[in-house]
Amino acid sequence: MRINITAPAKINLALDILGKRPDGYHVVNMVMQSVDLCDTVILTKTDSDGITLTCKNPNVPLNNTNIAYRAADKFFEYTGIKDRNINIKIRKKIPIAAGLAGGSSDGAAVLIGLNKLYSASLTNEQLCSIGGEIGADIPFCIMGGTMLAEGTGTILSPLPDMPECYFLIVKPPLSVSTAQAYSMFDEYGKRSEKSIDCIIDAICAKNLQIVSENLFNVFESILDIIEVDIKPIKDIMSYYDAYGSCMSGSGPSVFAVFSSKNKAEKCAEKIKDEILGAEVFIASPINHGCIID
């Protein structure tokens, strides 16, 4: 038996860090948005012994360090299911180590797919609880849409759908360590002067321009320290009349908001010409997380 799951990427319309807990986890305040840039995860029951992973992308680990593998392991541990003979095939489209939650979305897809494949009848709340033990973004990737994320990122509150628009997403030819980014923010980072409430109010009012003008990510305050330069990308986005632009997650991916697909496409072509090695995508907001095809 085989199941295909679509695993969407996410972007951060707002990302604030409020502090650090005694256990080392950071307290965050974020507005997260699912987009239709997606991986595909295929789950197949096999005759092999245990969990196996396959992926054509050579940068994806095919062992128990992979979030998808860990998600399957946690699912079987939680449910007590003994038959763990499962192959997880990942077709990557979401860039790796990009601040777009590609790995977390793959893990979320595994939980949703195994729940269906084994008729476990777990609720979304239970799946989110399992996923939250593996990665803070997994519960959002299960639920998806437009969400306020609080606490360590696992306390989710649904928001109205993002106004219709086009996101131009650009991953520069470099990667950022999330752990390093948090460590550098603790030492050198600055809080944003923008308020997350402004974005929430604008989403509720369906005002795309005000949403875009208030995008923020506090990790941008440490870009010089971690030697990441996104200014050339943002400058091109501004030249092509983007409503606003921002880094997603701990980076280095940058996205811009356009009301016109034509302008987004022209901007994408310019960035491909100017930023050698960049991965460039045009995506739209969606109102769901991982779904079974």
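The values are calculated or read from the model by the stated rules, or taken from the named source; none is laboratory data. Since the structure is predicted, the reported quantities are computational estimates derived from the model, not experimental observations. Every residue, glycine as well, gets a Cβ built from its backbone with ideal geometry; the counts of neighbours run over all protein chains shown.
Numbers below:
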{"read-out": "Hits in region 86-121 (condition: more than 29 Å from GLN180 (Cα to Cα) and not in a strand (DSSP E or B))", "value": "ILE112, GLY113, LEU114, ASN115, LYS116, LEU117, TYR118, SER119, ALA120, SER121"}
{"read-out": "Among the candidates ILE17, ILE88, ILE11, residue that is more than 27 Å from ALA256 (Cα to Cα), among the hydrophobic types (A, V, I, L, M, F, W, C) and within 21 Å of the chain's Cα centre (by Cα)", "value": "ILE88"}
{"read-out": "Members of region 45-85 found to be charged (D, E, K, R) and assigned to a strand (DSSP E or B), listed by number", "value": "LYS45"}
{"read-out": "Failed item in (1) under 22 Å from the mean Cα position of the chain (by Cα); (2) loosely packed, with under 14 Cβ neighbours inside 10 Å; (3) closer than 20 Å to THR152 by Cα, with ALA181 passing the rest", "value": "(2)"}
{"read-out": "Single residue of region 71-91 satisfying the filter (in contact with a helix residue (DSSP H, G or I) (Cβ under 7 Å, 6 or more places away or on another chain) and at pLDDT 95 or above) that is surrounded by the most Cβ atoms within 10 Å (Cβ to Cβ)", "value": "ALA71"}
{"read-out": "Hits in region 17-36 - residues which are out of contact with any Gly (no Cβ under 9 Å at 6 or more places or on another chain) and surrounded by 20 or more Cβ atoms within 10 Å (Cβ to Cβ)", "value": "VAL31, VAL35"}
{"read-out": "Check on SER245, polar (S, T, N, Q), modelled with pLDDT of 95 or more, in contact with a Lys or Arg (Cβ under 8 Å, 6 or more places away or on another chain) and not in a helix (DSSP H, G or I)", "value": "yes"}
{"read-out": "Options GLU150, GLU187, GLU125, GLU133: the member that is surrounded by fewer than 24 Cβ atoms within 10 Å (Cβ to Cβ) and not assigned by TED's automatic domain parsing to the domain that holds ASN12", "value": "GLU187"}
